[in-house]
1. How much accessible area does M64 have with a 1.4 Å probe, in Å² rounded to the nearest 10?
2. Let a ≥ b ≥ c be the square roots of the eigenvalues of the Cα gyration tensor of the stretch 112-170; is it rounded (a/c under 1.5), or, if not, prolate (a/b larger than b/c) or oblate?
3. Order the peptides 185-193, 203-211 from the highest to the lowest mean number of other Cβ atoms within 10 Å of their residues.
4. Answer rounded, prolate or oblate for the stretch 137-200, using the Cα gyration tensor with square roots of eigenvalues a ≥ b ≥ c: rounded when a/c is under 1.5, else prolate when a/b is larger than b/c, else oblate.
5. Students often check this: by mean Cβ neighbours within 10 Å, which of 196-202, 222-228 ranks highest, and how do the rest follow?
Amino acid sequence: MTPEYRIDAEQRIKSYLSGNDINNIKYMQVEQTFTDVGLEIHVWNVKSKNDGNWWVVEGESVPMNLYTQNEFYFSADEAYSFHLGISQRLEVSHHQAFRHVIDEVPLDIDHVKSISRRLNNAAVDLNNVTGPEDIQAIGLTCRESLIELAGVLAQDNPDLLKEHELKAADFKGISKAIINIYAPGKSNSKLRKRCRDVVEAAWDHSSEVVHSPNKNIPDAKICLLLTCTAVSLIQNLFLKYLGFDSEPKCSACKSMDFELFSKDESDETIFSCNTCGHEEAVE
């Protein structure tokens, strides 16, 4: 243990203890250090003037926790063994019900179940990478998902390929044409550029991950995030194109949290804002 690590650990332990209402520390020292699981884990002997005596276990890649010395009569070795068991159970629980990377991006692709299945499987695989080939496989899955999306867009817009002289697997070309359709007009010019940048980045990065043996796990995660973003982006552009961004808003506070109702003995519809209480008649 280096002096720098000791100083940092002592500060973290004091802060942790304070968060558990343990103060007035009169003694703090490393009792034992264990390395039998390939990590350096320290058991600290901590004594407080008013709040009892404690074992605090902390170290590399393990959560910090404290165990009382007053009731269970744990030795430093027993505190370490107990802590290691809890840490391993937490790790198993995490892998059984982890929040994977796709949860970071809103993704609603019921229209193409196979794309959703591909990307979700890739997100699971991201937690079990053991070599460069696993990272390249994730890049390949992302690229295949984008190609499949291009095919769906071309199928939904049958004249698109002929008009723009595109091939069915040309994801970037088809996406850019679709962006022009779903976000038309001068008012959407900046939006179109940003969307084109995203779909181009998703395709280019997935190609790099596929062909390079030197990419790492963050590269694969970025690849998956960009792919999910590109898919979600196209979906939301379509919703915008259908007019979902023209939903009513309160004229007073611009809130979209509202109710519509009719008054008794009247065919008039009333817009009632749930945020500011403003009411007005609407057609």
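The values are calculated or read from the model by the stated rules, or taken from the named source; none is laboratory data. Please read all numbers here as calculations on a predicted model, not as lab measurements. Here Cβ is always computed from backbone atoms with ideal geometry, including for glycine, and neighbour counts include all displayed protein chains. With ligands, DNA and RNA removed, areas are computed over all heavy atoms of the protein, side chains included. Shrake-Rupley method; radii C 1.70, N 1.55, O 1.52, S 1.80 Å.
1. That residue has around 40 Å² of solvent-accessible surface.
2. Details: a/c = 7.01, a/b = 2.40, b/c = 2.92.
Here the stretch 112-170 falls in the oblate category.
3. In descending order of packing, they fall as 203-211, 185-193.
4. oblate
5. Working: 196-202: 18.7, 222-228: 24.9.
Taking the mean over residues of other Cβ atoms within 10 Å, the ranking is 222-228, 196-202.
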